[in-house]
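The structure appears right after this line, and notes come after that.
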Amino acid sequence: MIIKSKPLSPFLLSCADLLFRCTLWRSFNKMIINEAEIKPGHSYILMCNHFSFLDGFLAFYLCSRVIRKKDGMKRLYIMSLKKQMEKNKWLRYCGSFSVEPGKLSIHESIDYAAEILSVPGNLLLFYPQAKLETCHIRYIKFEDGLAHIVPKIKGNCQLIWTSNLIDYFESVKPSVYFNMVDCGTNHDFDFEELKEKVNGHHLQAIKNNIRYTREPV
């Protein structure tokens, strides 16, 4: 049996937004967002590269600055490992629901995610790598969870990818660059095409954001 979420209300989302903004602005030199077009009246899957403890905070900041600001996101949900939720009970009240890879309950988690995404304004934060890797890797390996969730969604759902990159350059504080791209909707979803588009975008983001030097062939 999965642990279902109790997501933050719109009021508490606003409070969390203010808290996270103040915290992140003190921690980073610059926070630069290269936005993607947000489709109104949809639910949303925000896919991110998974490289640090701060990933959830950075994604929440991005959601608030772009998707919620444009009257898109109403509720935020996160798919989290069940063992992490059992250790950290508070995750449930921040929108997390559980998943156990390799267990029969994973089908319940997939159905629950699709049910959430069938409601306009709901957003699912999703890390397709399912593990931590440096943000500077040149290939994003997708686990197959997304391929099972998206076909079950009823209604309209927009898929969005962001390559989040961090570097220092001239400052003692790091800067974070959010590189978003619209990956279409559940109606034109093709898993192989999505992976190809995300990886092409991720490589270009690295070239654009970290002063990429051309490597010899």
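Given the -39500 (n - 2.57) contribution per DSSP H run of 4+ residues, what per-residue ellipticity at 222 nm results for the chain, rounded to the nearest 500 deg cm²/dmol?
After summing the helix terms and dividing by residue count, I get -9500 deg cm²/dmol.
What does the charge count near LYS82 come to, summing +1 for each Lys or Arg and -1 for each Asp or Glu among other residues with Cβ under 13 Å from its Cβ?
Summing Lys/Arg as +1 and Asp/Glu as -1 gives +3.
Using a Förster distance of 25 Å, how high is the FRET efficiency between LYS70 and ALA130, based on the Cβ-Cβ distance and rounded to 0.05?
0.30
Determine the gain in length on full extension of the stretch MET1-SER52; use 0.36 nm per residue of separation and subtract their C-alpha separation, reporting nm with one decimal.
Answer, rounded to one decimal: 15.5 nm.
Per 10 Å bin, what is the whole-percent P(r) computed from every C-alpha pair distance within region 107-217?
Here the calculated profile for region 107-217 is 12, 40, 30, 14, 4.
Between CYS22 and VAL119, what FRET efficiency follows from the Cβ-Cβ distance if R0 is 22 Å, with the result rounded to 0.05?
Working from the Cβ atoms, E equals 0.15.
Per residue, how much accessible area does the chain have with a 1.4 Å probe, in Å²?
52 Å²
Please report, in debye to the nearest 20, how large the charge dipole of region 13-110 is about its Cα centre when each Lys and Arg carries +1 at its beta carbon and each Asp and Glu carries -1 there.
260 debye
In a shell of Cβ-Cβ distance under 15 Å around THR185, excluding THR185 itself, what net charge do Lys and Arg (+1) and Asp and Glu (-1) give?
Its environment carries a net charge of -1.
In whole percent, and with a 1.4 Å probe on the protein chains, what portion of the accessible area of the chain is carbon and sulfur?
Solvent-exposed carbon and sulfur of the chain make up 56 percent of the total.
Just name one of LEU123, PHE142, CYS15: the one whose Cα is farthest towards the positive end of the charge dipole of region 1-150 (beta-carbon charges, Lys/Arg +1, Asp/Glu -1).
Farthest along the dipole direction, towards plus: CYS15.
Against the longest principal axis of the chain, how steep is helix 191-209, in degrees 0 to 90 to the nearest 10, with axes from Cα atoms?
Approximately 30 degrees, to the nearest 10.
To the nearest 0.05, how large is the calculated FRET efficiency for TRP90 and LYS207 if R₀ is 30 Å and r is the Cβ-Cβ distance?
Calculated transfer efficiency: 0.15.
Just want to confirm a number: the relative contact order over region 67-201, from Cα pairs under 8 angstrom separated by 6+ residues, in percent.
19 percent
Expressed as an acute angle from 0 to 90° and rounded to the nearest 10, what is the orientation of the C-alpha long axis of helix 10-27 relative to the principal long axis of the chain?
20 degrees
Quick check on packing: order 174-183, 189-198 by the mean number of other C-beta atoms within 10 Å, highest mean leading.
So the peptides 174-183, 189-198, ranked by packing, come out 174-183, 189-198.
Report, in degrees rounded to the nearest 10, the 0 to 90 angle that the Cα long axis of helix 106-116 makes with the longest principal axis of the chain.
The angle comes out at about 80 degrees.
Take the alpha carbon atoms of region 1-41, find their center, do the same for region 55-86, and report the distance between the two centers in whole angstrom.
Value for the Cα centre distance between the two parts: 6 Å.
With unit charges on the beta carbons (Lys and Arg positive, Asp and Glu negative) and the dipole taken about the Cα centre of region 1-111, which residue among CYS94, SER52, ILE110 sits farthest to the positive side?
CYS94
Using a Cα-Cα cut-off of under 17 Å, which aspartates and glutamates could be cross-linked to LYS89, ignoring same-chain neighbours fewer than 8 residues away?
GLU100
Taking the Cα centroid of region 168-192 and of region 123-147, what is the distance between the two, rounded to the nearest whole Å?
Between the Cα centres of region 168-192 and region 123-147 lies a distance of 12 Å.
The values are calculated or read from the model by the stated rules, or taken from the named source; none is laboratory data. Just so it is clear, the structure is predicted and the values come from calculations on it, not from any experiment. Cβ: placed from backbone, ideal geometry, glycine included. Neighbour counts: every protein chain shown. For accessibility, only protein heavy atoms count, side chains too; no ligands or nucleic acids. Shrake-Rupley method; radii C 1.70, N 1.55, O 1.52, S 1.80 Å.
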